[in-house]
Structures are given as C-alpha cells and as structure tokens.
1. Answer with yes or no whether L205 is assigned by TED's automatic domain parsing to the domain that holds R93 and in contact with a Pro (Cβ under 9 Å, 6 or more places away or on another chain).
2. If you check G255, G314, which single one turns out to be outside any helix (DSSP H, G or I) and either in contact with a Cys (Cβ under 7 Å, 6 or more places away or on another chain) or free of Cβ contacts under 8 Å to residues at least 40 places away in the same chain (or both)?
3. How do the pairs read when you match residues in region 56-73 that are among the acidic types (D, E) with residues anywhere that are not in a loop (DSSP other than H, G, I, E, B), using Cβ under 7 Å and keeping only pairs 6 or more apart or on different chains?
4. Taking the options A466, A439, A413, A456, name whichever one is part of a helix (DSSP H, G or I), within 18 Å of V291 (Cα to Cα) and aliphatic (A, V, I, L, M).
5. Quick one: which of A466, A497 is in contact with a Gly (Cβ under 8 Å, 6 or more places away or on another chain), in the same structural domain as L369 (by TED's automatic domain parsing), modelled with pLDDT under 85 and aliphatic (A, V, I, L, M)?
6. Pull up region 367-402, narrow it to residues that are small (G, A, S) and surrounded by fewer than 24 Cβ atoms within 10 Å (Cβ to Cβ), then point me to the one that is modelled with the lowest pLDDT.
7. Scan region 232-259 residue by residue and report those that are within 17 Å of A296 (Cα to Cα) and of a type outside the set (A, V, I, L, M).
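The values are calculated or read from the model by the stated rules, or taken from the named source; none is laboratory data. This structure is a prediction, so every number in the text was calculated from the model and none was measured. Every residue, glycine among them, receives a Cβ derived from its backbone with ideal geometry; neighbour counts consider all protein chains shown.
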Amino acid sequence: MPRTPVDTRGAATVSALPSADAPPRHRWWILAVIGVAQLMVVLDATIVNIALPSAQKDLGFSDGDRQWIVTAYALAFGSLLLLGGRTADLFGRKMTFLVGLVGFAGASALGGAAGSFEVLVAARAAQGVFGALLAPAALSLLTTTFTDAKERAKAFGVYGAIAGAGGAIGLLLGGVLTEYLDWRWTLYVNLAFAVVAFVGGVLLLQRTTRDKSATIDIPGAVLVGGGLFCVVYGFSNAESHDWSSPQTWGFLLAGAVLLAVFTWWQTRAAHPLLPLRVLLDRNRGASFISVLITGAGMFGVFLFLTYYLQQSLGYTPVKTGLAFLPMVAALMVSSTLATSVLIPRIGPKAVVPLGMGLAAAGMAWLTALDLNSSYAADIMPQLVVAGLGLGLVMAPAMSLATAGVGAEDAGVASAAVNTMQQVGGSLGTALLNTLFSSAVTDYLDGKNAADPAVQAQAGLEGYSTAYWWSAAFFAVGLVITIVLYRRGAPTQDPDAAPVVHM
C-alpha cells in the first residue's frame, strides 16, 4: 500500500556516536548504498498498488482477497519493525543489513514468479519481514557512518529526499512496468536494487561489534504480532463469514486480548519492545493516534482509487500513476509548510485537526465520482484537498511522536511511529475492503449481476462506501486531536535526544 512521501519517514537517534573515530573514507558512497536500499523498501509500498488490477486478472483472486497483497506486506513490516531494531543491535548492523537485502530480493523473486494468490501473499509477507530487518539497520548505519554534525545533517537530508520521492517514483514506475512489461516486473525490479546495494554493502560497510548486552523481548514480539494479525484477519473475515461468525468476532476478540496482554507485559518486561512511557505524553499519544488513523484512511483509498481509475474509467497503469501526482505534490507542500512554519508558531492543536478536516472533506467529495467523471474537474480537486490535509497531519504527527523522548527511547519511538502507520494501513485496508465488498453484494442483490452496467454501478457503490468510511476515520481523528493536543507551540527539551526525521 502506498506510503506517501512523508509516510516513509523514520527517525534515528544521534546521541551516542563514536566521535573519536575518524569517519569512514567512503562515507558518501555508503550513503548511496543505503539510499538505494531505502528506495527499494519505499517503492514497494506503492509500486505494487498500480499493478494490482493486472495481477488480480492474471491470478484470478477475488475482490475480497485482493487486500492481502497490500496487507501482508504492511502487517509483517509494521509488526516486526520494533523487533528489527533490536536484531541489528544483537547481530551487528552490517550483517543485519545484508541479510535483509538478500531476503527482500529472494521474496521479491518469489512474488514475481508466483503462479497463485497464496504464493504472492506469502512473498509479500516475506518482503515485510526482511524489510523490517533492513530499514532499522540502514538508519543505524547512517547515524554511525556520519559523525560530523554538518555532514550528518546533509546525509539525512539526502536520505529524507529519497524517502520522500520514493512514493511518487513507485506510482510512476509501477505504471510503466505494468503497462510495457508485466505486473510481475514490479517485484522483479527489486532484484536490481538489491544487487547494487548488496555489492556496495559488502565492499564498503564496516563490521560492527555485536552488543552482548542486547536482549530481545520475544514474548512481547509474539504477543503484538499475534494480536495485530488476529485483528486484521478478523476484519477481513467479516466479508466472507459475516460479522456474527465466530471466525470474525472470535479473531477480533483474540486480537484484543493479545494486545491487552502485550500492554501489560510491557510494564513487566526487563527490556520491553515498546516502553509505555513513550506513549504517555499527551502530544506524543495524540501523534501516534493521528498516524494510525491517517494510515487507515489513506492506504485503503489508494487501493480503491486505483481500481476505480483502471476498471471504471479505463485508465492505463501509467495514467493511473500520473493521476496521483497532484495529491503527492499537495502533500509535500503542506507537510513542509506545517513543520517549518505552522507548528513552530501556533502548535499542533489547530494544524493537525485542520488537516484531519481537509482529509475528511476530500474523502467525502470523492463519493460523488461516477462512470462519467472527468479527471481535471471531478478527481484532481478532491485529491489535492486530501493531499493538503494529509500533509498537515502526517509530517507534524511523525515529528511530534518522536520529539522530546529520552536518548534511550529515541530509536524505539521512531520504530513505533512507523509501526503505527503500517498497522493503520493494514487495519484500514482490511476493514474498508470488507465494507466495499458488502456494499457491492447488497447492491447486486435481486439485480442482474451478469449485466456489465449493473456490475459497474455496483463497483461505484462499493467505492463510495469506502470513501465515506475513510471520511469518518478522519472525522474521528479531528475530534481526538482537538481534545488531546496541548495548546501552543511545542517546547524543545534541551536534554532530550536529538532525533533526525526522514
């Protein structure tokens, strides 16, 4: 699912760097290697989306199942990010980085060659697993490679630009590869990125000593991973089994229990995956909720709008990718304005709710789309409004979610905010896809389902339902952020760990 430019941001602590050591001679080449790996991970959040209609036609999976191509990646990636960061400490950054690259490439090759829906979903989940190893290791390598403050700021600026542009590049590259080659090349293309990054990593990266004191919270990882899977699986089962089925509410209940036990365990564990003190500050708590809600509302909409443009309006994959660019541009403009001008002057209590309101308005406006909608008059304005709103929410929320944490918590706060985004995307995609399918089924009830015109109208009903629910997510976010965010501009704690945002 797509991750938009700011959605791919992370953070890294820069508080404990080996300043006495001379920086690596080839550090700018190392930045290039890490940048290629980061681009590969970022691309995969959006590149497959454009290819989904073609993959569905080729492999013959149902509308109810297609969400798993997006969700399998986001859920595995999001639920294992916290664990991935600790793994890099335990086994060394270089080794974790290289293993992540090889695994990601292998999973991509498996997905590209997939002859069935099940194999494709398994490959996407494996991509998420190895991406969760790769991303934290890449950030750690960047922080330890650039020890001079000015050089470090420059390096993270380049890295952030790669992360920001990756979502847009994925949309375009996905369209080009699907249209002129085959949807499978949206996965095969990762092999080229991985080979370049792996060769560069082997030659340039320095081996780091393993942290013998590092420990992994295995019970916490099992509880949070199992809980998130059960919740997402329960929502997705509602489409095929109905809400009253034990396969729906049973999984939802099991997920809620596991997540509750995880929360309790984090107060008892000696080395918790997610120390609860990170979440308890009001601004940080509001920011984590904002990222979760925005992921839920946004990921699903990218999915449904892709299908609407290609199946209802007959857009080519390339044209579909281009159609999203005004939204990405609006998002980048508003996110820059929010973080550099608005938040420092007036604070998040006005800015983030305004963004939620604009996003809700954009989603509600999309419900008016029909089979005769024109892009310039009926689609682009809504996307621009939604993009402006998303930028006002995502950039400040990601910044405030990691601001002011202690040095020992900076890394986990960064991983947690990315986890919230991916988990929100997984939940939103599963729930919205279920609501979409139910709306289509209800519309077709008693009608001639073989009639193409009826089928087309049923699709519009499903899309409209998904957009209304997305608007509802953002409306809830508006209320929550008004209540939780503190008044005034956030103050900076001089003793807090400096956090670099991507």
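1. On the way: assigned by TED's automatic domain parsing to the domain that holds R93: yes; in contact with a Pro (Cβ under 9 Å, 6 or more places away or on another chain): yes.
Answer is yes for this residue.
2. Sole residue among the options that is outside any helix (DSSP H, G or I) and either in contact with a Cys (Cβ under 7 Å, 6 or more places away or on another chain) or free of Cβ contacts under 8 Å to residues at least 40 places away in the same chain (or both): G314.
3. D63/S437; D65/F117
4. When all the criteria are applied, what remains is A413.
5. A497
6. In this case the residue turns out to be S399.
7. Y233, G234, F235, S236
Residue-wise test of (1) at pLDDT below 85; (2) not in a helix (DSSP H, G or I).
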| site | (1), (2) |
| --- | --- |
| S15 | yes, yes |
| W29 | no, no |
| A32 | no, no |
| A45 | yes, no |
| S62 | yes, yes |
| D65 | yes, yes |
| R86 | yes, no |
